[in-house]
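To start, the structure under review is shown below, and the notes come after it.
No value in this document is a laboratory result; all are computed from the given coordinates. This structure is a prediction, so every number in the text was calculated from the model and none was measured. Note: ideal-geometry Cβ built from the backbone for every residue, glycine included; neighbour counts use all protein chains shown.
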2 protein chains.
Amino acid sequence: MRSAFHQRLGTLTQQLGLMCAMAGEAVGQATEALLNADLVQAERVIAAQVDMVAVNARVEETAFGLLALQAPVATDLRAVVSAIRIAADAQRMGALAVHVAEIARMRHPRPAVPDDVRQYFTEMGALAGQLAGGAREVLLSQDPRRAAQIRRDDDAMDELHHQLLAELMDRGWTHGIAAAVDVTLLGRFYERFADHAVQIARRVIFQATGH
Amino acid sequence: MRSAFHQRLGTLTQQLGLMCAMAGEAVGQATEALLNADLVQAERVIAAQVDMVAVNARVEETAFGLLALQAPVATDLRAVVSAIRIAADAQRMGALAVHVAEIARMRHPRPAVPDDVRQYFTEMGALAGQLAGGAREVLLSQDPRRAAQIRRDDDAMDELHHQLLAELMDRGWTHGIAAAVDVTLLGRFYERFADHAVQIARRVIFQATGH
């Protein structure tokens, strides 16, 4: 039978999984808003951030409750502290999706992304969604093989990001400086989103296996 | 007489103050490297990141020791968890300074920043150093007035960042796309550096005053 502590730790993990799912949904919708210059979708992503903040607050309360009432030691203690950090990573992923939506909103009704580089953002958006889903699965399964897939997805994101910067810098960009600034920032947001998913997977696997 | 717990919490605060000081030094040196296309200085900032990671590891060990051995509750518990998060903010500030140095190194022997916008980076670099110093002082003093100054410095940073983007977008930028990409990313790094300093001040003041 599981202890009360481990039941509550299970609740915490479920909440973290929910945060990853929310970040994944946010980045998917933000990418649609970006590619379709869809103001309603952009506003939806921006408005939904309060829900993420609320779940994060619940995670913190659950975590503090565990620390204060059960005074865990060793592995259990590290699991709770790790959960607090994972929540911070997931919330940051949500915030980065909001940044994407904000650029879409700022440029509306024009699309922020020129047609030439649309494909990059289609792919980066899909990868970001996959990474958020992967982080959720690693949380729930603690499976190192699933974590290895996250690293591969992150490598693919880095590669796309490099290609995008090369496209901007080397191949006669004709869309002006404002679009270059937007595309630079957008690329950075997706890349950071991926980094946080990797961090989550790394924390879970370190917690589960010690390396 | 202070309890053993509060003595160790004091040690933790000193370590966090050291991390802020290191981040401040790193961003100062990185700004010099950037403005003077100084490769040696850039390499120095990049190499020093391991020291910051080491201090962060010490913070975590101190914090875990406190949580495991003393099982603090209520305010004391929150202080320790808050310290772990402050360390993460300070380490991120150091990483952002490294990103600035990396751009300086990548463009060397050319300067990454065109003369037209040099002044922005001189000022953003000075503000970033001030913010890191301010975060350190808030940590050590827990003084809300000092924290208010951090918010003003952050507002000044945001204003510079907006002006810099306006300079890029509106006023006939003639330095090409590659420089625009660099300047966009650099601006973002300084702005994020400031955000983390604000976060640190906010956590300290919340911890000290409850709001």
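Would you pull out the residues with amide H under 5 Å of A:ASP143's amide H, same chain only if 5 or more places away, H placed 1.01 Å from N?
Result for A:ASP143 returns nothing.
List the relative contact order of the range A:69-211 as a percent without decimals, with contacts defined as Cα pairs under 8 Å and 6+ residues apart.
Relative contact order, the range A:69-211: 42 percent.
Could you check which residue among B:ALA88, B:ALA132, B:ALA48 shows the biggest mean-square fluctuation in a GNM of chain B with a 10 Å Cα cutoff?
Maximum among the listed residues: B:ALA48.
What does the charge count near B:ALA48 come to, summing +1 for each Lys or Arg and -1 for each Asp or Glu among other residues with Cβ under 14 Å from its Cβ?
-3
Using the alpha carbons of the range A:53-96, what is the convex hull volume per residue in cubic angstrom, as a whole number?
Considering the Cα atoms of the range A:53-96, their hull volume per residue is 43 Å³.
To one decimal in nm, how far is B:ALA47 from the same spot in the other copies, if labels go 7 Å from Cα toward Cβ? Please give the shortest first.
5.5
Taking springs between alpha-carbon atoms closer than 10 angstrom, which of B:PHE121, B:PHE193, B:PHE64 fluctuates most in the Gaussian network model of chain B?
B:PHE64
Would you calculate the separation in nanometres between label points at A:ARG58 and A:GLN207, each defined as 7 Å from the Cα along the Cα-to-beta-carbon direction?
In this crude label model, A:ARG58 to A:GLN207 measures out at 1.7 nm.
Quick one: Karplus J couplings for the range B:48-61, per residue in order, coefficients 6.51, -1.76, 1.60, θ = phi - 60°, nearest Hz, x for Gly and Pro?
6, 4, 4, 5, 5, 4, 5, 5, 4, 4, 5, 4, 5, 5
Modelling each spin label as a point 7 Å along the Cα-to-Cβ direction, I'd like the A:LEU140/A:HIS162 distance in nm, to one decimal.
Each label point is offset 7 Å from its Cα along the Cβ direction, giving 3.4 nm.
Stokes-Einstein at 37 °C, 0.692 mPa s, Kirkwood radius from Cα pairs: D for the range B:1-209 in µm² s⁻¹?
186 µm²/s
Rounded to whole Hz and in sequence order, give me ³J(HN,Hα) for the range A:20-28 from the Karplus expression 6.51 cos²θ - 1.76 cosθ + 1.60, θ = phi - 60°, writing x for Gly and Pro.
4, 4, 5, 5, x, 5, 4, 6, x
Gaussian network model of chain B, Cα springs within a sub-10 Å range: biggest mean-square fluctuation belongs to which of B:ILE86, B:ILE200, B:ILE46?
B:ILE46
What percent of all Cα-Cα pairs in the protein assembly as shown falls in each 20 Å bin, counting up from 0?
Values per bin, smallest distances first: 25, 59, 16, 0.
At A:PRO114, with labels set 7 Å past Cα in the Cβ direction, how many nm apart are the copies from this one, shortest first?
Result, one decimal in nm: 1.6.
Largest first, please: the extent of the C-alpha atoms of the range A:150-209 along each principal axis, to the nearest Å.
Taking the Cα atoms of the range A:150-209, the three principal extents are 50, 17, 10 Å.
Between A:PRO144 and the same site in the other copies, what are the distances in nm, shortest first, taking label points 7 Å from Cα along the C-beta direction?
Label-point separations across copies, in nm and ascending: 5.0.
Once each part is reduced to its C-alpha centroid, what is the distance from the range B:107-122 to the range B:12-65 in angstrom?
After rounding, the separation between the Cα centres reads 23 Å.
What would the Debye equation give as log₁₀ I(q)/I(0) for the range A:4-107 at q = 0.11, 0.14, 0.21 Å⁻¹, counting only Cα atoms as equal point scatterers?
Those come out to -0.39, -0.56, -0.91, one per q.
Multiply the residue gap between B:SER3 and B:GLN119 by 0.36 nm, knock off their C-alpha separation, and tell me the result in nm, one decimal place.
The span from B:SER3 to B:GLN119 would gain 36.8 nm if fully extended.
Which loop-located trypsin sites (Lys or Arg not before Pro) does the range A:123-211 contain, where loop means any DSSP state but H, G, I, E or B and the Cβ has at most 12 other Cβ atoms within 10 Å?
The qualifying sites are A:ARG171.
Using the Cα centre of the range A:1-209 as origin and beta-carbon charges of +1 (Lys, Arg) and -1 (Asp, Glu), tell me which of A:LEU12, A:LEU66, A:ALA87 is placed farthest towards the positive end of the dipole.
Projecting each Cα onto the dipole axis, the largest value belongs to A:LEU66.
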